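Colleague: Please read through the structure below; I'll follow up with questions.
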Amino acid sequence: MKKHGYIAGALFNEGEIAQRISEGKALREMMPEVEWYNPIEAPVNDKSKLPTAKDIFSLDTDYVLKSDYILADLSREDLGVAMELGISIGVEISRKIIESELQKQLKI
């Protein structure tokens with residue numbers, strides 16, 4: 001089964017954009033077995049098409065939820081990265097609670 005990864009980081013200036021592109025290239029070379037989603041490369045982030053915040057949030061969230069790995073740049077404060085990590089952590093906590101309850105119910 002193919003593994004998925006997500007690259008989280010600020011995209012507010014040319015330096016950050018270049019960094020995300022560089023990370024994507026490096027990760028694909030180092031971990032070719034992982035399908036990496038890099039938001040800066042996503043069509044929804046093409047500013048010439050005037051994406052809405054909802055469009056970007058929805059697509060990014062879909063990829064965060066299916067990711068096995070998340071690489072997050074925490075070198076600066078970024079609410080988007082915080083949200084992506086929060087979603088990821090929240091889903092994992094919920095999964096563990098559900099799994100625990102199922103085990104109790106099934107007496108595994």
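Colleague: Right, PRO32: over 16 Å from LYS3 (Cβ atoms), free of Cβ contacts under 8 Å to residues at least 40 places away in the same chain and part of a loop (DSSP other than H, G, I, E, B) or not? First the steps, then the outcome.
Modeller: Numbers: over 16 Å from LYS3 (Cβ atoms): no; free of Cβ contacts under 8 Å to residues at least 40 places away in the same chain: yes; part of a loop (DSSP other than H, G, I, E, B): yes.
No.
Colleague: Here is a follow-up. Every residue in region 37-77 that is in contact with a Gly (Cβ under 7 Å, 6 or more places away or on another chain) and either assigned to a loop (DSSP other than H, G, I, E, B) or of a type in the set (D, E, K, R) (or both), please.
Modeller: Scanning region 37-77 gives ASN38, GLU41, SER67, ASP68, ASP73.
Colleague: Can you confirm whether region 58-69 contains a residue that is without any contact (Cβ under 8 Å) to a residue 24 or more places away in the chain and buried (at least 16 other Cβ atoms within 10 Å of the Cβ)? Steps first, please.
Modeller: So in region 58-69, the residues without any contact (Cβ under 8 Å) to a residue 24 or more places away in the chain come out as 58-59, 62.
Narrowing the set further to residues that are buried (at least 16 other Cβ atoms within 10 Å of the Cβ) leaves 59.
Yes.
Colleague: From the set of residues in region 17-34 that are among the charged types (D, E, K, R) and either closer than 16 Å to LEU74 by Cα or surrounded by fewer than 14 Cβ atoms within 10 Å (Cβ to Cβ) (or both), which is farthest from the chain's Cα centre (by Cα)? Give the derivation first.
Modeller: Filtering region 17-34 for residues among the charged types (D, E, K, R) gives 20, 23, 25, 28-29, 33.
Subset that is either closer than 16 Å to LEU74 by Cα or surrounded by fewer than 14 Cβ atoms within 10 Å (Cβ to Cβ) (or both): 20, 23, 25, 29, 33.
Working: ARG20: 12, GLU23: 13, LYS25: 16, GLU29: 18, GLU33: 17 Å.
That would be GLU29.
Colleague: Residues in region 43-54 that are closer than 16 Å to VAL81 by Cα and surrounded by fewer than 16 Cβ atoms within 10 Å (Cβ to Cβ): how many?
Modeller: Step one: list which residues in region 43-54 are closer than 16 Å to VAL81 by Cα, which gives 45, 53-54.
Now drop any that are not surrounded by fewer than 16 Cβ atoms within 10 Å (Cβ to Cβ), which leaves 53-54.
Total satisfying the criteria: 2.
Colleague: Inside region 71-108, can you point out the residues that are among the aliphatic types (A, V, I, L, M), farther than 21 Å from GLU16 by Cα and within 14 Å of the chain's Cα centre (by Cα)?
Modeller: As a first pass, look at region 71-108 and keep what is among the aliphatic types (A, V, I, L, M): 71-72, 74, 79, 81-83, 85, 87, 89, 91, 93, 97-98, 102, 106, 108.
Among the residues that remain, those that are also farther than 21 Å from GLU16 by Cα are: 87, 89, 91, 93, 97-98, 102, 106, 108.
Residues satisfying the conditions are ILE87, ILE89, VAL91.
Colleague: Quick one: in region 25-51, which of the residues that are within 17 Å of ALA10 (Cα to Cα) and polar (S, T, N, Q) is modelled with the lowest pLDDT?
Modeller: Here the residue is ASN45.
The values are calculated or read from the model by the stated rules, or taken from the named source; none is laboratory data. Since the model is a prediction, treat every value here as computed from it, not as a measurement. Positions of Cβ are generated from backbone atoms using ideal geometry, with glycine treated the same way; all protein chains shown enter the neighbour counts.
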